[in-house]
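The structure appears below as structure tokens.
The values are calculated or read from the model by the stated rules, or taken from the named source; none is laboratory data. Because the structure is predicted, anything quoted here is derived from the model rather than measured. Here the Cβ positions follow ideal geometry from the backbone for every residue, glycine too, while neighbour counts run over all protein chains shown.
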Amino acid sequence: MSTALPERITQARELAGQTKTELAEKLGVSVAAVSQWEDGSKNPTAENLVAIGRVLDVPVALLLKPIPEQVARRGPISFRARSAAKTRLLRRQAQRLAEMVAEAFIWLEQWVSFPDAPLPEIAAGSSPEDAATACRRAWGLGDRPIAKLGELLESKGVRLCSAGFGDVRFDAYSCVVSGRPFAFLGDEKQDRARSRFDAGHEVGHLLLHRHYSDDELEAAGQDAERQADAFASAFLMPAVTFSRDVVDPSLEGFKRLKPKWGVSIQAMVRRARDLGLITEETYERHFRNIGAAGWRRAKGEPLDEVVPPTTRSLGRKSLELLSGSNGIRPWEIPGELPLPDRVLESVFGADLRAMVPEELNNVIVLKSFGHPERAPDTTKNE
């Protein structure tokens, strides 16, 4: 068996959200051994290599495959800064998922031509409101509501992917890898209105903060988050047309607007306050009533089912193109692209290994005839 690559072991461990100590305990080895595998001073045995793959839930072939050099060209990753150790692990998971998803797209680009529209350039010092207006103008959107948000973003070159880490504190994040913009939407909350706002929030980060370093974006902290929120609000609810719609500023009035604008009632109330359509007193009263009604919980608001979903289609269409023209079947992709199943599902939106045609599963079948007649017993009269 070939030698494992130290950077792959680290990448796989951090994708799994495990510390060196946790991995060592699960493998029954010392922490020093894990550290030596990851710094390259020692190689794991073949048995340990197989165990690493099993514990971290990655193909062993991945641990032997170099990381493409393009993956190292990553811009800042937008992740909400918190001080908890658990959040630091989530940040590393987010970074590693982004690397592997980018690797999958780099592989796919051998076969599939993706939209290659550069993100609009936003003038330095632009306010989130001005940036949102400039983005809409660059994309030819006018001031109307955006029904098919996911399709729009993908058509403009943003790769939308899912990111589920089993933590409801996790919403979404974004980054640029080798010139490709990615937005990862958390799937824990299953809330359409919030997912759409998250997508707009991440576009805000991509436009406003893409030239930051990781350290600069982390230092900006809540200021950067507020800017991205303000961008999403202005992008999804343009001032002129949204203001015209707010003729009834009661909660019931905002509720009636939810299917049209596809955002939460809470987001509309904040936007109305920011545009001066309601007073601060009305804003605070609305939020007290929203809290009392339980609407601040994920999927707590009414009418979420009528909000258009943020659909991802690049992965599904890639599978169709690969299967139709190049003869690469979905279940064969993991053999050429030995990434963890969760990464492939994030890219393609499907379990590739479960897509084997029925005829390949049923290689042998039971013959369709009855039991053979039992031979007569000739010993009874003997």
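Got a sec? Which helices (runs of 4 or more DSSP H) wholly within the stretch 1-42 have at least 2 residues that are surrounded by fewer than 17 Cβ atoms within 10 Å (Cβ to Cβ), assigned by TED's automatic domain parsing to the domain that holds VAL60 and free of Cβ contacts under 8 Å to residues at least 60 places away in the same chain?
Per the criteria, 20-27, 31-39.
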Could you list, in sequence order, the residues of the stretch 304-328 that are surrounded by fewer than 17 Cβ atoms within 10 Å (Cβ to Cβ) and closer than 26 Å to SER264 by Cβ?
-> GLU305, VAL306, PRO309, THR311, SER313
What is the number of the single condition among (1) over 29 Å from the mean Cα position of the chain (by Cα); (2) at pLDDT below 95 that ALA72 does not meet?
-> (1)
Out of all the residues in the stretch 210-253, which are under 25 Å from THR279 (Cβ atoms), surrounded by fewer than 17 Cβ atoms within 10 Å (Cβ to Cβ) and of a type in the set (Ser, Thr, Tyr)?
-> THR241, SER243, SER250
Test each condition in (1) in a helix (DSSP H, G or I); (2) assigned by TED's automatic domain parsing to the domain that holds GLY142 for VAL240 and report the one that comes out false.
-> (2)
Restricted to the stretch 146-183 and to residues being at pLDDT below 90 and among the hydrophobic types (A, V, I, L, M, F, W, C), the residue farthest from SER195 (Cα to Cα) is PHE165
Matching residues, the stretch 128-140, being farther than 17 Å from GLU202 by Cβ and in contact with a Phe, Trp or Tyr (Cβ under 9 Å, 6 or more places away or on another chain) | GLU129, THR133
Quick check: is even one residue across the stretch 123-133 loosely packed, with under 14 Cβ neighbours inside 10 Å, touching a Ser or Thr at 6+ places or on another chain (Cβ under 7 Å) and in the same structural domain as HIS205 (by TED's automatic domain parsing)?
-> no
Is it the case that the stretch 70-85 has a residue that's farther than 23 Å from LEU339 by Cα and outside any loop (DSSP other than H, G, I, E, B)?
-> yes
